[in-house]
Amino acid sequence: MIPTATYRLQFRNGMTFDRAAALVPYLKNLGISHLYASPIFTATKASTHGYDVTDANEIEPSIGGREGFERLVAELKAQGLGLIIDIVPNHMASSLENAWWRDVLEYGKESRYARHFDIDWSRRLTLPFLGDTFDAVLENGEIAIKPDPATGKPAFAYYDNYYPLAPATWQGREAEILALTDKAAIADLHERQPWKLMSWREAARSLSYRRFFEVTGLVGMRVEDKTVFDDTHRLILELVRTGAVDGLRIDHIDGLADPKAYLARLRQEVGPACYITVEKILAKGEQLPDDWPVSGTTGYEFIASLAEVLVDDEQIDNLRQAYETVKGAPVDMRAELRAAKLLMVDRNFEGEFTRLLALALSIASELQIAQEESIVRQALRELLIAFPVYRTYGTAEGLPPTDICLLHRIVERVKTLENPPQPEALTFLSRLLTGDVPASSQEEATQFRVRFQQLTGPLMAKSVEDTLFFRQNMGLALNEVGASPSRITSPSNAFTMR
């Protein structure tokens, strides 16, 4: 059944399944067809929202667990209502409460879950959860070797956190390891772990795993791998197949390596009757890919259009003049957006940018294409800044035709900058993104393309929603996700035409 109206409930913070079940008659009287639930799977103990999942195959005990969930479903069905749940395929909590993550910390590359998380295993797994550098917290006595209260095994204890040691570094010498107090010996033990504790301040520059936006507590998942998909969707699929859940809302679809392939696999598993929407921010004029097997987006574009139509066009200029008078400077949205994007590229996402740059330079070297690092850096930086949408949808086969046209327009726009990058560098990067490279470099080019696409979305979100909207508040009604404070508002007839 396609929903005609939904009512969203945010579980946790006192909202349980039984409390929700008691509200069902009221919700039915409102005229809704479906209850829309925030993430219901087990998340970190302090979670207020549920998007920091620690176990995707268990329903959160604190809000009623499986039994409470089934009581809610029974009440919904008794009233003729359906249920849509929010799922989070892009990431999980990088928390010691997450058994998969803890296993990776303990066993490193040998863990069964080492490839579940999007980790760069060319170096040690970075854990940016210290208040200062490792050396500083060690010197201050904030780190010690103690038995983990949960397992009894030796661990690096940092306040209430116990980071497990690799078995090879302590088994057979447990008493000796637990007796360690010498700082040099503790530092040496730390160096022999598959992970590396570091200050939270180093995350933007040195992180070794993909995160959700800038949140180091949320680690990216590799759901493009069938094993990872199966392991993270076991309970989700069960709930759909048994009829308990009628629809799925996919969180942050743009974070995935291959959204189309993910959605195709999900659709195959849940069947044609399951209602699926994706959280996707569309720029003005942008369309959802027509080959995605979904019913649509979660509606940011509608909210943006509604905000625009409710703003009086005739008063915008008056508001701008008053704002500029108070500010003492003209409003230049384009310049402010560029400044915000520069901040994100150069500081907040420095590590992601550096990784992309290294990939590009590696491919150039392999192809024996002379490219100076500074020149490629400038070209890559300007390409990222100029992107007008959240991302393209290239795969191992390259970019689809519509995205090739978009990339061409972006490159041409970059060439018109006051200090444009060298055309040869832009051409080289375009070749990587479109897949126009020899077979020997296709794998690396695909990796570059995926990482590029996974960066443009967070870059846009953090630049616009989390920076520009806070710096530029001339018209707060237009500072809405999916909208633009620099956009000319739409007349009502244009709104109704949409």
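In the stretch 323-341 there is no residue matching the filter, namely being closer than 26 Å to SER38 by Cβ and touching a residue at least 40 places away in the same chain (Cβ under 8 Å). Any idea which residue in the stretch 366-397 is nearest to the chain's Cα centre (by Cα), counting only those that are closer than 16 Å to GLN447 by Cα and either in the same structural domain as PRO259 (by TED's automatic domain parsing) or in a helix (DSSP H, G or I) (or both)? Checked the stretch 366-397; the qualifying residue nearest to the chain's Cα centre (by Cα) is LEU380.
Taking first residues from the stretch 395-407 that are farther than 16 Å from LEU256 by Cβ and partners that are small (Gly, Ala, Ser), the Cβ contacts under 6 Å between residues at least 6 apart in sequence or on separate chains come to GLY398/GLY435.
Residues that are within 20 Å of the chain's Cα centre (by Cα) and basic (Lys, Arg) were ranked within the stretch 225-261; the one that is nearest to LEU9 (Cα to Cα) is ARG249.
Might you check whether a residue that is in a loop (DSSP other than H, G, I, E, B) and either more than 30 Å from LEU256 (Cβ to Cβ) or not acidic (Asp, Glu) (or both) occurs anywhere in the stretch 194-205? Yes.
In the stretch 262-270, is there at least one residue being part of a loop (DSSP other than H, G, I, E, B), modelled with pLDDT of 95 or more and within 19 Å of the chain's Cα centre (by Cα)?
Within the stretch 262-270, the first condition is being part of a loop (DSSP other than H, G, I, E, B), and the residues that meet it are none.
Looking for residues that are part of a loop (DSSP other than H, G, I, E, B), modelled with pLDDT of 95 or more and within 19 Å of the chain's Cα centre (by Cα), one finds none in the stretch 262-270, hence no.
For the stretch 237-256, the set of residues classified as in contact with a strand residue (DSSP E or B) (Cβ under 9 Å, 6 or more places away or on another chain) and not in a helix (DSSP H, G or I) consists of ALA244, VAL245, ASP246, GLY247, LEU248, ARG249, ILE250, ASP251, HIS252, LEU256, listed by residue number. Residue-level check: of (1) touching a helix residue (DSSP H, G or I) at 6+ places or on another chain (Cβ under 6 Å); (2) closer than 27 Å to ARG205 by Cβ; (3) in a helix (DSSP H, G or I), ARG413 misses just (2). Taking every residue in the stretch 125-145 that is in the same structural domain as ARG205 (by TED's automatic domain parsing) and pairing it with any residue that is among the small types (Gly, Ala, Ser), at least 6 positions away or on another chain, the pairs with Cβ-Cβ distances below 6 Å are LEU125/SER208; THR126/SER206; THR126/SER208; PRO128/ALA203; LEU130/SER199; ASP132/SER199; THR133/SER199; ALA144/ALA157. ARG234 fulfils the conditions (1) in contact (Cβ under 8 Å) with a residue 24 or more places away in the chain; (2) assigned to a loop (DSSP other than H, G, I, E, B) except for a single criterion, (2).
A Cβ distance below 8 Å, combined with a sequence gap of six or more or placement on separate chains, defines the contacts here; from the stretch 473-484, residues that are without any contact (Cβ under 8 Å) to a residue 24 or more places away in the chain reach residues that are surrounded by 15 or more Cβ atoms within 10 Å (Cβ to Cβ) and of a type in the set (A, V, I, L, M, F, W, C) in the pairs ASN479/PHE469.
Screening LEU359, LEU342 for residues that are crowded, with 18+ Cβ neighbours inside 10 Å, in a helix (DSSP H, G or I) and at pLDDT 90 or above leaves exactly one candidate, LEU359. The single residue among GLY50, GLY14 that is within 21 Å of the chain's Cα centre (by Cα), over 22 Å from ALA273 (Cα atoms) and assigned by TED's automatic domain parsing to the domain that holds ASP231 turns out to be GLY50. Looking across ALA439, ALA477, one residue alone is at pLDDT below 95, of a type outside the set (D, E, K, R) and outside the structural domain of ILE316 (by TED's automatic domain parsing). It is ALA439. Going by the conditions given, is GLY80 more than 27 Å from ALA261 (Cβ to Cβ), part of a loop (DSSP other than H, G, I, E, B) and not assigned by TED's automatic domain parsing to the domain that holds TYR163? For GLY80, the condition - more than 27 Å from ALA261 (Cβ to Cβ), part of a loop (DSSP other than H, G, I, E, B) and not assigned by TED's automatic domain parsing to the domain that holds TYR163 - is met. Applying the condition of being farther than 19 Å from GLU214 by Cα and among the aliphatic types (A, V, I, L, M) to the stretch 77-91 and asking which residue is surrounded by the fewest Cβ atoms within 10 Å (Cβ to Cβ) yields ALA78.
The values are calculated or read from the model by the stated rules, or taken from the named source; none is laboratory data. On a predicted model such as this, the values are computed, not experimentally measured, just so you know. Cβ sites come from the backbone with ideal geometry, for glycine too, and all protein chains shown count toward neighbours.
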